[in-house]
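The values are calculated or read from the model by the stated rules, or taken from the named source; none is laboratory data. What you see is a predicted model; the values in this text were computed from it and never measured. Note that each Cβ is placed from the backbone with ideal geometry, even for glycine, and that neighbours are counted across all protein chains shown.
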């Protein structure tokens, strides 16, 4: 009789563990997932909704949307049964000069949507052109932390001005489908401080 009672208690314990594990990992919700870049690092802001908790949370990264690797692993209980919970995870070493894809795994098999971000290494040039050469459309990326007004000028090698644009952003879309293939010079002027930098753009249709 005692043996049957012990076996029954073990059965009840296992059933409770299976049931609680299902709730523990399946019913948690992801209220927010966003990524941003600062000084060459990627910051992931995550908010898990109030409800059942989960077992661990991971930040995954890939460069091809398929082969994700674990970047950050927060072990233990994630989320809270009564209040929403925020997590701030950091990828210290994203892949430079490439599109990085990120998603979150929380619990056993709860995945977020995949988000992408382009990480550029400006080095001493203070800018990056993506792609380079440009076939028709490209983007000039540069540092503009104060969102200052910046003016862009495109020239032939002879000095003839071809194009002028302005932006308060830290990037500028270059629509060069009407510009013949070749090498061109550009200048970017920050209007408040009058600081500027210049470089070359290669167009290859």
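Overview of results
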quantity: Residue identified as in contact with a strand residue (DSSP E or B) (Cβ under 7 Å, 6 or more places away or on another chain) and either free of Cβ contacts under 8 Å to residues at least 12 places away in the same chain or surrounded by 15 or more Cβ atoms within 10 Å (Cβ to Cβ) (or both) among 157, 172; calculated: 172
quantity: Flag if residue 200 is exposed (fewer than 12 other Cβ atoms within 10 Å of the Cβ) and assigned to a loop (DSSP other than H, G, I, E, B); calculated: no
quantity: Members of the range 42-67 found to be touching a residue at least 40 places away in the same chain (Cβ under 8 Å) and either out of contact with any strand residue (DSSP E or B) (no Cβ under 6 Å at 6 or more places or on another chain) or outside any strand (DSSP E or B) (or both), listed by number; calculated: 55, 65
quantity: Test: residue in the range 111-128 that is free of Cβ contacts under 8 Å to residues at least 24 places away in the same chain and closer than 14 Å to residue 28 by Cβ; calculated: yes
quantity: Candidates 188, 118, 162 - the one that is at pLDDT below 95 and surrounded by 14 or more Cβ atoms within 10 Å (Cβ to Cβ); calculated: 118
